[in-house]
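To start, the structure under review is shown below, and the notes come after it.
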Amino acid sequence: MSPRIDRMIVLTLAAVLLLPAASRAQDAEDLQRWDDLKALYFPGKSIIDAGDLLSLEAPTRAEDAALVPLAITPHLAAAPGQLVEKLWLLVDANPVPLVGQFRFGTAAATGDLAIRVRVNDYTLIHAVAELSDGRLLATQRYVKASGGCSAPASKDPEAAMARLGRMKLNLPERLISGEAVTAQLLISHPNHTGMQFDQITRSYVPAHNIRSIKITWDGKPLLAVDADISLSEDPSIHFSFIPTAPGTLAVEADDSKDNHFTAQWPVVPAPGS
């Protein structure tokens, strides 16, 4: 056997032997980061493993780090009488880990939610839900992505500003009175993080992002969002509500430059059987 082959075998064996140690080091770093985030965002609170009561769907490897889809679904059949009242989403390794706090109002059907986020590095993503009885449940997924917070905007800046704050509501073609319906809200906004570099001006684009979103159904609170820079460009939010009669779905949003946006849509469900 040649010396070159011997050296390759030695290097390969060394790499294999080092993998568990590297993995343990990464796990320890992830655990320490999560402990730090719990102390920062939930001081003095006890957070328990959600088990089967809450699921978080996320891609293992993101196609686009600036537009990573997440879906959170509660499964509370084993916790009768409980509802999700608040939900926190955290991308642990992001410069600003807290994507947002989501508060579900009396008009919300369930505590399910789907959004798009920025992911800046290989990281754990956590969803923490507060139930009616005050318990905090957490679930997590590991996502491989990088550069989401510094990724350049996908749209021409002038076109983006011309459409700033415009909203669109997507609903199923047929709504049945008394049945839960999932809606999608889209808000046109660049959601600049302050970390994106403009190759023309040779400077960083100032942060400019959606800060709050309030959704009501026929005057009743449905969903309130306090967000930060980890929310994606052109925020997309899927949420559920139960129309029992014709009504109006209304949205108000504010951004970090004190712009205020509003929109509303009539919703007319068909009579139930």
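The values are calculated or read from the model by the stated rules, or taken from the named source; none is laboratory data. Every value quoted in this text rests on a predicted model; they were computed, and no experiment measured them. FYI the Cβ positions are ideal-geometry reconstructions off the backbone, even for glycines, and counts take in every protein chain you see.
Can you run down the residue pairs with Cβ atoms below 6 Å, 6 or more apart or on separate chains, where the first is in the stretch 176-194 and closer than 16 Å to Val117 by Cβ and the partner is polar (S, T, N, Q) and modelled with pLDDT of 95 or more?
Gln184/Asn170; Leu186/Ser236; Asn191/Asn209
What are the pairs with Cβ atoms under 7 angstrom where one residue, in the stretch 260-273, is free of Cβ contacts under 8 Å to residues at least 24 places away in the same chain and within 14 Å of Ala183 (Cβ to Cβ) and the other, located anywhere, is surrounded by 10 or more Cβ atoms within 10 Å (Cβ to Cβ) and polar (S, T, N, Q)? Sequence gap at least six, or different chains.
Gln264/Thr248; Pro266/Thr248
Name the residue that is nearest to Asp234 (Cα to Cα), counting only residues in the stretch 201-220 that are under 23 Å from the mean Cα position of the chain (by Cα) and polar (S, T, N, Q). Spell out the reasoning first.
Of the stretch 201-220, the ones under 23 Å from the mean Cα position of the chain (by Cα) are 205-217.
Still in the running and polar (S, T, N, Q): 209, 212, 216.
On the way: Asn209: 10, Ser212: 14, Thr216: 20 Å.
Here the answer is Asn209.
Which of the residues belonging to the stretch 35-50 are free of Cβ contacts under 8 Å to residues at least 24 places away in the same chain and surrounded by fewer than 11 Cβ atoms within 10 Å (Cβ to Cβ)? Talk me through it step by step, then tell me what you get.
Step one: of the stretch 35-50, the residues free of Cβ contacts under 8 Å to residues at least 24 places away in the same chain are 35-36, 38-40, 43-44.
Asp35, Pro43, Gly44 - these are the residues of the stretch 35-50 that are free of Cβ contacts under 8 Å to residues at least 24 places away in the same chain and surrounded by fewer than 11 Cβ atoms within 10 Å (Cβ to Cβ).
Which condition breaks for Leu131 when tested against (1) under 14 Å from Ile47 (Cα atoms); (2) within 16 Å of the chain's Cα centre (by Cα)?
Against the list (1) under 14 Å from Ile47 (Cα atoms); (2) within 16 Å of the chain's Cα centre (by Cα), Leu131 comes up short only on (2).
What's the total number of residues in the stretch 222-254 that are closer than 21 Å to Asn120 by Cβ and charged (D, E, K, R)?
Residues flagged as closer than 21 Å to Asn120 by Cβ and charged (D, E, K, R) within the stretch 222-254 amount to 4.
Hey, does the stretch 95-105 have a residue that's out of contact with any strand residue (DSSP E or B) (no Cβ under 7 Å at 6 or more places or on another chain) and touching a residue at least 12 places away in the same chain (Cβ under 8 Å)?
First, the residues of the stretch 95-105 that are out of contact with any strand residue (DSSP E or B) (no Cβ under 7 Å at 6 or more places or on another chain): 95-96.
This time we only want the ones that are touching a residue at least 12 places away in the same chain (Cβ under 8 Å), so: 95-96.
Yes - at least one qualifying residue is present in the stretch 95-105.
Can you name the residue in the stretch 113-140 that is out of contact with any Cys (no Cβ under 7 Å at 6 or more places or on another chain) and part of a loop (DSSP other than H, G, I, E, B) and is also nearest to Asp49 (Cα to Cα) among such residues?
If we filter the stretch 113-140 for residues that are out of contact with any Cys (no Cβ under 7 Å at 6 or more places or on another chain), which is where we start, we get 113-117, 119, 121-140.
Those still in the list that are part of a loop (DSSP other than H, G, I, E, B) too: 119, 121-122, 132-135.
On the way: Val119: 23, Asp121: 24, Tyr122: 22, Ser132: 17, Asp133: 16, Gly134: 14, Arg135: 11 Å.
Top of the filtered list is Arg135.
For the stretch 25-51, which residues satisfy the criterion of being under 20 Å from the mean Cα position of the chain (by Cα), of a type in the set (A, V, I, L, M, F, W, C) and either over 14 Å from Gln140 (Cβ atoms) or part of a helix (DSSP H, G or I) (or both)?
Trp34, Leu37, Leu40, Phe42
Out of all the residues in the stretch 215-272, which are farther than 17 Å from Ala114 by Cα and aromatic (Phe, Trp, Tyr)?
Hits for the stretch 215-272 are Trp217, Phe261, Trp265.
Quick one: in the stretch 149-175, which of the residues that are without any contact (Cβ under 8 Å) to a residue 60 or more places away in the chain and part of a strand (DSSP E or B) is surrounded by the fewest Cβ atoms within 10 Å (Cβ to Cβ)?
Result: Asn170.
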